[in-house]
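J.: Here it is: the structure, laid out below.
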Amino acid sequence: MENPKPKYRRVLLKLSGEAFAGGKEYGIDPAFLEYISMEIKSVWELGVQTAIVIGGGNIFRGVEGESMGIERAVGDYMGMLATVINALALQSALEKVANVPTRVLSALEIRQVAEPYIRRRAIRHLEKGRVVIFAAGTGNPFFSTDTAGALRALEIEAELYIKATKVDGIYTDDPYKNPEAQFIEEITYLEVINRGIRVMDHTAMTLCKDNKLPIMVINIYKPNNLKRAVLGEKVGSLIKGG
């Protein structure tokens with residue numbers, strides 16, 4: 001049986017560092033690594049060129065450093081290094097568990113463990129069928145990994161930015177706190193900004209809006225959601241237009 005035809009040729013997946021911790025408060029959960037590797041493989045097998053940006057919150061958050069007396073810029077660089085650790089862990093799992101060729105490109109130069117980020121090289125890896133993991137955010141302090149995801153998605157000309165979360169998409173309120181919260185299937189960038197819906201930070205959302213990059217918010221913990229998203233099925237919430 002032939003694989004179904006994906007709607008998107010090239011996508012960028014944004015994973016949070018917290019997801020890597022699994023049920024733990026800190027570190028990397030091997031079970032999640034195995035699960036997410038197979039989810040990514042299901043998309044890769046469709047021939048979809050897949051890039052990934054990972055947060056580092058399971059190891060260190062730059063904003064938390066200030067409470068320890070660490071200045072914000074230094075804390076952000078520490079957070080970037082945390083994303084490199086997550087990227088290397090995911091690369092190892094993708095290659096060993098899922099048998100998917102993978103490259104890590106880092107915005108901070110760490111040649112012993114990752115290639116330096118070069119836009120044309122990243123695109124070439126994707127064209128050759130390799131999953132590309134972008135590490136170290138944008139390489140600059142004061143920018144979130146959500147913004148790094150938007151920036152890299154635009155640089156590689158991705159057709160969709162997939163924001164992985166632990167809920168089914170966007171709601172009128174926090175569904176964990178308010179059972180009356182209503183699910184929003186489709187919404188415009190401006191509505192998200194004006195209503196203060198916390199999908200991603202303002203800089204990332206504005207980048208996507210200005211460049212008309214659609215964002216799909218999905219529950220990554222539901223098996224096959226990632227595959228369904230790239231096939232164009234109705235899954236999660238879609239942000240576009242306006």
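Values quoted throughout were computed directly from the atomic coordinates according to the rules given, and no laboratory measurement underlies them. None of the values given here were measured: they were computed from a predicted structure. Virtual Cβ from ideal backbone geometry, glycine too; neighbours counted across all protein chains shown.
J.: Order by neighbour count: 45, 159, fewest other Cβ atoms within 10 Å first, most last.
T.: Taking fewest neighbouring Cβ atoms as first place, the list is 45, 159.
J.: Here's a follow-up. From the phi of every residue in segment 18-24, what ³J(HN,Hα) in whole Hz does the Karplus formula 6.51 cos²θ - 1.76 cosθ + 1.60 yield, where θ is phi - 60° and glycine or proline is x?
T.: 4, 4, 5, 6, x, x, 8
J.: Which pairs, out of 163/240; 7/128; 24/227; 7/166; 128/240, put more than 22 Å between their alpha-carbon atoms?
T.: 24/227; 7/166; 128/240
J.: Another question, then. Quick one: which residues, 5+ away or cross-chain, put their amide H under 5 Å from the amide H of residue 13? H built at 1.01 Å from N.
T.: 51, 52, 53, 162
J.: Still on this structure, I have one more. Is there a quick way to get the dipole size of the chain? I mean about its Cα centre, with the Cβ of Lys and Arg at +1 and of Asp and Glu at -1; what is the value in debye to the nearest 20?
T.: Value, rounded to 20: 840 debye.
J.: Please order 78, 68, 205 by the number of other Cβ within 10 Å, starting at the fewest.
T.: Least to most surrounded, the residues fall as 68, 78, 205.
J.: Another question about this same structure. If you rank 202, 125 by fewest surrounding Cβ atoms within 10 Å, what's the result? Intermediate values should be presented prior to the final figure.
T.: Working: 202 14, 125 20.
Going from sparsest to densest Cβ surroundings: 202, 125.
J.: Check the straight Cα-Cα distances from residue 96 and name the aspartates and glutamates below 18 Å, setting aside those fewer than 8 residues away within the same chain.
T.: Once the sequence-local aspartates and glutamates are set aside, what remains near residue 96 is 29, 34, 39, 45.
J.: Residue by residue through segment 78-91, what is 3J(HN,Hα) from phi via Karplus (6.51 cos²θ - 1.76 cosθ + 1.60, θ = phi - 60°)? Round to whole Hz and write x for glycine and proline.
T.: Using θ = phi - 60°, the values come out as 4, x, 4, 5, 4, 5, 5, 4, 5, 5, 5, 5, 5, 4 Hz.
J.: Averaged over every viewing direction, what's the projected area of the C-alpha convex hull for segment 10-239? Give it in nm², one decimal, please. Walk me through the intermediate numbers first.
T.: Working: hull surface 48.8 nm².
Averaged projected hull area, Cα only: 12.2 nm².
J.: Here's something else I'd like to know. Using a Gaussian network for the chain with springs between C-alpha atoms less than 10 Å apart, which of these wobbles most: 178, 140, 99?
T.: 178
J.: Under 5 Å between amide H atoms, partner at least 5 residues away or on a different chain: which partners does residue 241 have, H built in plane at 1.01 Å?
T.: 189
J.: Residue by residue through segment 125-138, what is 3J(HN,Hα) from phi via Karplus (6.51 cos²θ - 1.76 cosθ + 1.60, θ = phi - 60°)? Round to whole Hz and write x for glycine and proline.
T.: 4, 4, 5, 8, x, 9, 6, 10, 10, 8, 10, 6, x, 8
J.: Under a 5 Å amide H to amide H cut-off, with H placed in plane at 1.01 Å, what residues pair with residue 22 once short-range neighbours are removed?
T.: 29
J.: Per residue of the chain, what 222 nm ellipticity follows from adding -39500 (n - 2.57) for every DSSP H run with n ≥ 4, rounded to the nearest 500?
T.: Details: 9 runs with 90 residues, N = 242.
Rounded to the nearest 500, the figure is -11000 deg cm²/dmol.
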